[in-house]
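The values are calculated or read from the model by the stated rules, or taken from the named source; none is laboratory data. Every value quoted in this text rests on a predicted model; they were computed, and no experiment measured them. Here the Cβ positions follow ideal geometry from the backbone for every residue, glycine too, while neighbour counts run over all protein chains shown.
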Amino acid sequence: MKKIFLIFIICILMCSCNKNNEARNDMYKIGYSSNLIDEKDRNELRKVFDEHKLSNVDLFFKWLDDFNKEEDMGCGLKNWDKTDTFIYNDANCMDRYEKIHSKSDGDCRIIAYALLQNIIEINTIESEYGTYLMFDMDVLENNEDYKIINDNQLDFINLFNEMDVSNIEKEEYKNVYPNNLKSHDFKLNSDKVSLISVVLHDSDFNTLFVGHAGVLINLDDKYLFVEKIAFEQPYQISVIKSKNDLIELFNNRSTYFGDESAKGPYIYENDKLLYEYK
């Protein structure tokens, strides 16, 4: 009888462990995304950040919780759902945020840089920034919540500043961003974490610029892509099977595609070209 009871207890414990494993696996279900509304999900993600030695982790979750605390108001905040169903209403997101905030929050580039700040090396050369960083710099210089990044604003500028292509053949546009990073001796000190950059072409001003950025974390059997969609728009993490899934994710975002005269977009992992849209 005791033996039967012992087997029964072991079975319960094993089932309990399996349920815990299933809960973690459910969080990282391929093809799904979240705005990290649930506290358990945030705690799990914090563990991933700590394991991969990401920077400013406490600040990231402070910014995240500050963004998520308002009522939804049609912005589109969700717990786990299929990635292709994540559509945000820009106007509602702005109204929702500005309802109780007097200053803009961080965007994709600011959040990506914050998470990578201590594992990025970059030789700062230029101090002037172009039009496409104007709003980023306004946040860094005028919102105290982002002071830690403003203290290193030259690194930020040189990582994301726009690039003039007026004297460059269009066939060579794909090499401009990686060459720019190499000119600044860019290095990211991790073999599991990388910077993903979506470089767009402004054909009116003969300029390339980083229109979107995020952080890709390699979990061995899958990847987590961490991003903030835009100013006053949500934080999102997406679980993908391969880097090719990133291409599909970006392909569904019409704002990354300009008029027919524009080249690209170009997708990079650190300074390596992942994909060029034809």
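In the stretch 60-79, how many residues are over 15 Å from the mean Cα position of the chain (by Cα) and aliphatic (A, V, I, L, M)?
Qualifying residue count, the stretch 60-79: 2.
Out of everything in the stretch 122-151 that is surrounded by fewer than 16 Cβ atoms within 10 Å (Cβ to Cβ), of a type outside the set (Lys, Arg) and under 26 Å from Lys47 (Cα atoms), what residue ends up being modelled with the lowest pLDDT?
Checking each candidate, the answer is Ile148.
It is to be established whether one or more residues within the stretch 76-90 are over 18 Å from Ser238 (Cβ atoms), touching a residue at least 40 places away in the same chain (Cβ under 8 Å) and either in contact with a Pro (Cβ under 6 Å, 6 or more places away or on another chain) or not small (Gly, Ala, Ser) (or both).
Initially, the stretch 76-90 is screened for residues over 18 Å from Ser238 (Cβ atoms), giving 89-90.
Within this subset, residues satisfying the condition of being touching a residue at least 40 places away in the same chain (Cβ under 8 Å) are 90.
Adding the requirement that they be either in contact with a Pro (Cβ under 6 Å, 6 or more places away or on another chain) or not small (Gly, Ala, Ser) (or both) leaves 90.
Within the stretch 76-90, one or more residues are over 18 Å from Ser238 (Cβ atoms), touching a residue at least 40 places away in the same chain (Cβ under 8 Å) and either in contact with a Pro (Cβ under 6 Å, 6 or more places away or on another chain) or not small (Gly, Ala, Ser) (or both).
Glu232 is checked against (1) on the phi < 0 side of the Ramachandran plot; (2) in contact with a Ser or Thr (Cβ under 8 Å, 6 or more places away or on another chain) and fails just one. What number does that condition carry?
The one condition Glu232 does not meet is (1).
Which helices (runs of 4 or more DSSP H) sit wholly inside the stretch 1-89 and have at least 1 residues that are within 26 Å of Lys243 (Cβ to Cβ) and modelled with pLDDT of 90 or more?
Numbers: elements: 2-27, 39-51, 57-68.
Correct list: 39-51, 57-68.
Kindly provide the set of residues from the stretch 41-59 that are closer than 28 Å to Glu144 by Cβ and touching a Lys or Arg at 6+ places or on another chain (Cβ under 7 Å), ordered by number.
His52, Val57
How do the strands (runs of 3 or more DSSP E) wholly within the stretch 176-278 filter down when requiring 1 or more residues that are farther than 22 Å from Val165 by Cβ and touching a Lys or Arg at 6+ places or on another chain (Cβ under 9 Å): which remain? Break it down into steps so the answer makes sense when it comes.
Values: elements: 193-202, 207-218, 223-228, 235-240, 266-269, 272-276.
In the stretch 176-278, the matching strands (runs of 3 or more DSSP E) lie at 193-202, 207-218, 223-228, 235-240.
Residues Tyr132, Tyr146, Tyr173: which one is closer than 16 Å to His212 by Cα, among the aromatic types (Phe, Trp, Tyr) and assigned to a helix (DSSP H, G or I)? It would help to see each step written out before you state the result.
Working: Tyr146 fails: closer than 16 Å to His212 by Cα; Tyr173 fails: closer than 16 Å to His212 by Cα.
Checking each option against the conditions leaves just Tyr132.
Could you check the stretch 186-215 and list, in sequence order, the residues that are among the aliphatic types (A, V, I, L, M) and over 18 Å from the mean Cα position of the chain (by Cα)?
Let us first name the residues in the stretch 186-215 that are among the aliphatic types (A, V, I, L, M), namely 188, 193, 195-196, 198-200, 208, 210, 213, 215.
Within the stretch 186-215, just Leu208 meets the criteria.
Report whether or not Ile119 is at pLDDT 95 or above and touching a Ser or Thr at 6+ places or on another chain (Cβ under 8 Å).
Considered against the rule, which asks whether it is at pLDDT 95 or above and touching a Ser or Thr at 6+ places or on another chain (Cβ under 8 Å), Ile119 comes out as yes.
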